[in-house]
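Accompanying notes for the structure given below.
The numbers here are math on the coordinates, done by the rules we state, and not lab data. Computed from a predicted model, the values in this text were never measured in an experiment. Backbone-built Cβ (ideal geometry, glycine too); neighbour counts: all protein chains shown.
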Amino acid sequence: MVQDLIRDSTIGQIVNYVSGGRLLPYPEQRPGYVLPRRFLLPSSNRDPRDKTKDISTCPPDTAIKPESTITTLAADIESQKDDAAVPDPCPVDWDGESDPENPQNWSFRKRAFVAFEISFLTFSIYIGSAIYTSSIPGLMSEFNVSLTTATLGLTLYILAYGIGPMFLSPLQELPILGRNPVYMATLFLFVIFQIPIVTATNIRTVLAMRFITGFLGSPAMATGGASMADIFPQSQLAYVLGVWSLGAIAGPIIGPVIGGFAAQAKGWRWPMLELLWITSSAVVFLSLFLPETYGPTILLRRAQRLRKLTGNPELRTVAERAEQSKSVRSVMYDSLVRPFVLAKDPALAFANIYLGFVYAIFYLWFESFPIVFNSIYHFNEGVSGLPFLSFIVSGALTYTVYCIYQKYHIAPRYERAAAANIEVAPETRLEIGLMGSIFIPMSVLIFGFASKSSVHWIVPTIGAALYQPGIFFVFQSILMYITSAYPAYAASVLAGNDFFRSAIASVFPLFGRSFFTNLGLSPGSALLAGISFLLIPVFWLLFKYGHVLRQRSKYAHSL
């Protein structure tokens, strides 16, 4: 397993290419490889002197060693010149259902390790948002800027990783690139552009580099779920997406913890240095061990090796042939225009706005925590980040409940539907989100009204932790719903949701401190909780009548 991981990683691919396949070889590059006859030139399956056209595009799949056919390849090519037309051979595909190179057939240990790598990649980028909050006081002091100006570093980062997927994620759907080259190239550039932040001599450099690094980090956040879908079957996808989501949420949670102590001891540059160290470690680790997971890309590389081995230029994958029919204009439309066209659908509009509001409150808390734990409970800068760790406890309990719900409620429901040959309505996915949405206003109210010097600090900490079930269940249910309701446009609806969610959430930290300072923690929390309560009936209406909206939409899937 380890050798395959290294071979399929970014470093392994470079070593294989430079050595001409002698180092870290694939089966097609090893001596004695038995070549399936269907991959030979059509005339290789008959006597070269026979000019009768070979009308079979899929000759019998007998195997021939390359050594026995190379001497005839030149004659084969010459014989084809006399043919009026030569049919394409069978497309290069998986060698049966048990092909070990198919990511869906990897061992569970290998898939689990790759899932951990993808989660670590997402965590490494997501931690960059919240870890910055620890640097804000130092930035204000050193560069003599206002709180709003310093907070722009958080806002621009969040906004950029909402814009980035619209440009970068489509590249990962191209078989010629796949997931890994985009992941690793953008992560490497993320590290490079982090250096000017650490060495910045003015706030303009910090803000500009924060936007660029957020943009470059966006593929890890937007496409991580797609990478999980590459390697796990549909029946297990909900569970692994839950793990990946916890990895994403862990970034903003742990960021203030490690950043707070560093900023307190060494100044505002040290939290940025910590981010540089984390992402640099990710570059080294993932370059050595993260394999390509995108099936069409794996098959395309196999086709390239077979073309080189056989001299048959017609050996192509289905995806290669399909790509030839795509224009740059259609690709740009799918990535930059269609997400906004789809966002006008009422169901998607609500999903984007609601999830954006949920995330906005989440990031708004980054501004309220110092008020509560520094000003009211007099924690120092490092200790004030520790209450964020309560999210880890509630996250573990939340994920356990989610797995039980999937195993004993959702899975049997889909099995019964499959047995009866009927489809389950996408609105089913909203059930757990509707139940979880009640935790959001409950958490905000407890946190806001319990944050008093006369009340022990553990009470608002528990109140804050209750936000975790709300954001997790709502996030999972809405994303599963929109991809189920718009299966033909899943990439576009996810890109649109990511953009709108990030755009809404990015604005709130700018006025977060003023919001709670001017209104007060209790009234401000009551206002946010009230808005959350008002959105719950709308959520219920989507759950109840979403099928009506889908029937009226020309994009949604109707049962």
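For the reader, a short list of remarks on this structure follows.
- The stretch 336-559, relative contact order in percent, only Cα pairs under 8 angstrom and at least six apart counted: 35
- Diffusion constant of the stretch 144-230 at 4 °C, which comes from Stokes-Einstein with the Kirkwood Cα-pair radius and 1.567 mPa s, µm²/s: 95
- Only the Cβ atoms of Lys and Arg (+1) and of Asp and Glu (-1) were treated as charged; on that basis the dipole of the chain about its Cα centre amounts to roughly 620 debye.
- Lysine pair count for the chain [Cα-Cα under 18 Å; pairs on different chains or 8 or more apart]: 4
- With Cα atoms defining each centre, the stretch 371-440 and the stretch 152-204 are spaced 28 Å apart in the structure.
- The stretch 336-559 - charge dipole about Cα centre, Lys and Arg +1 at Cβ, Asp and Glu -1, debye rounded to 20: 440
- Farthest positive-ward along the chain dipole, Cα basis, beta-carbon charges - from Gly295, Phe167, Ala360: Ala360
- Were the residues from Val459 through Lys554 laid out at 0.36 nm apart, the gain over their Cα-Cα distance would be 29.3 nm.
- Farthest toward positive dipole pole in the chain [+1 Lys/Arg, -1 Asp/Glu at C-beta], among Gly242, Gly496, Pro313: Gly496
- Potential extension, Ala322-Thr400 segment - 0.36 nm per residue separation minus Cα distance: 23.9 nm
- Counting other Cβ atoms within 10 Å as a rough exposure proxy, the listed residues His378, His557 run His378, His557 from fewest neighbours to most.
- Once the trypsin sites (Lys or Arg not before Pro) in DSSP loops with at most 16 neighbouring Cβ atoms within 10 Å are cut out of the chain, the longest remaining piece is 54-325.
- Cα shape, the stretch 336-559, gyration tensor, a/c 1.5 rule: prolate
- Within the stretch 486-530, none of the chymotrypsin sites (Phe, Trp or Tyr not before Pro) combine a DSSP coil assignment with at most 16 other C-beta atoms in a 10 angstrom radius.
- Cut-off 16 Å (backbone N to label point 7 Å along Cα→Cβ of Ala488), residues of the stretch 528-559: 550-559
- Between Ile536 and Glu314, residue separation times 0.36 nm minus the direct Cα-Cα distance comes to 74.3 nm.
- Kirkwood-based shape ratio for the chain, expressed as Rg/Rh from alpha carbons: 1.04
- Charge-dipole axis of the chain as Lys and Arg at +1 and Asp and Glu at -1 on Cβ define it, positive-most pick from Gly178, Phe508, Thr201: Phe508
- Based on the reciprocal of the average 1/r between different C-alpha atoms, the Kirkwood radius for the stretch 99-167 equals 15.0 Å.
- The Thr201 and Ser98 beta-carbon pair, evaluated with R₀ = 51 Å, returns a calculated FRET efficiency of approximately 0.30.
- Sequence-separation-based contact order of the chain, relative, with Cα cut under 8 Å and 6+ spacing, percent: 18
- Order of Asp498, Asp334 - criterion: other Cβ atoms within 10 Å of each residue's Cβ, fewest first: Asp334, Asp498
- Ranked packing of 390-396, 153-159, 445-451, most packed first, by mean Cβ within 10 Å: 153-159, 445-451, 390-396
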